[in-house]
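Enquirer: Handing you a structure now.
The values are calculated or read from the model by the stated rules, or taken from the named source; none is laboratory data. Bear in mind that the values here come from a model prediction, so they are computed numbers and not experimental data. For neighbour counting, all protein chains shown are included, and Cβ atoms are generated from backbone atoms with ideal geometry for every residue, glycine included.
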């Protein structure tokens, strides 16, 4: 799972109840919090699940390691819209970057 943000962590938390999930993020503090069963975002359900449920969830900064043996990868990209944001073009370019990383990992 890419991203320890709201969408990525929500999906990771649900999937980790029955599957091994590795969350990948670029922010070391988020990775540390997730690995310590604490939510890096304010969300009642994510906080409760991390604290109380038996989840098979780990977090890492190392995308190559996380994705090299993955059965599938979910990419949670930002969906920033509106006048204060540039456009969704920036978000879609982040997805393209993740796709390129995935291709390199699978090939390499």
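Enquirer: Of all residues in the stretch 42-60, which are surrounded by fewer than 14 Cβ atoms within 10 Å (Cβ to Cβ) and either out of contact with any helix residue (DSSP H, G or I) (no Cβ under 9 Å at 6 or more places or on another chain) or part of a loop (DSSP other than H, G, I, E, B) (or both)?
Expert: Within the stretch 42-60, the subset surrounded by fewer than 14 Cβ atoms within 10 Å (Cβ to Cβ) is 42, 44-45, 48, 51-54, 56.
Hits for the stretch 42-60 are 42, 44, 48, 51, 52, 53, 54, 56.
Enquirer: Which of the residues belonging to the stretch 61-81 are exposed (fewer than 12 other Cβ atoms within 10 Å of the Cβ) and within 14 Å of residue 6 (Cβ to Cβ)?
Expert: Passing the criteria: only 79.
Enquirer: If you don't mind, another one. Are any residues in the stretch 17-41 in a loop (DSSP other than H, G, I, E, B) and either farther than 19 Å from residue 69 by Cβ or more than 12 Å from the chain's Cα centre (by Cα) (or both), and if so, which ones?
Expert: 17, 18, 19, 20, 26, 27, 36, 37, 38, 39, 40, 41, listed by residue number.
Enquirer: Under 9 Å between Cβ atoms, at least 6 apart or on separate chains: pull out the pairs that start in the stretch 62-75 with a residue that is over 11 Å from residue 21 (Cα atoms) and end on any residue that is modelled with pLDDT of 85 or more and part of a loop (DSSP other than H, G, I, E, B).
Expert: 63/26
Enquirer: What are the residue pairs meeting all of these: first residue in the stretch 6-28, first residue free of Cβ contacts under 8 Å to residues at least 24 places away in the same chain, second residue surrounded by fewer than 15 Cβ atoms within 10 Å (Cβ to Cβ), Cβ atoms under 6 Å, and 6 or more apart or on different chains?
Expert: none
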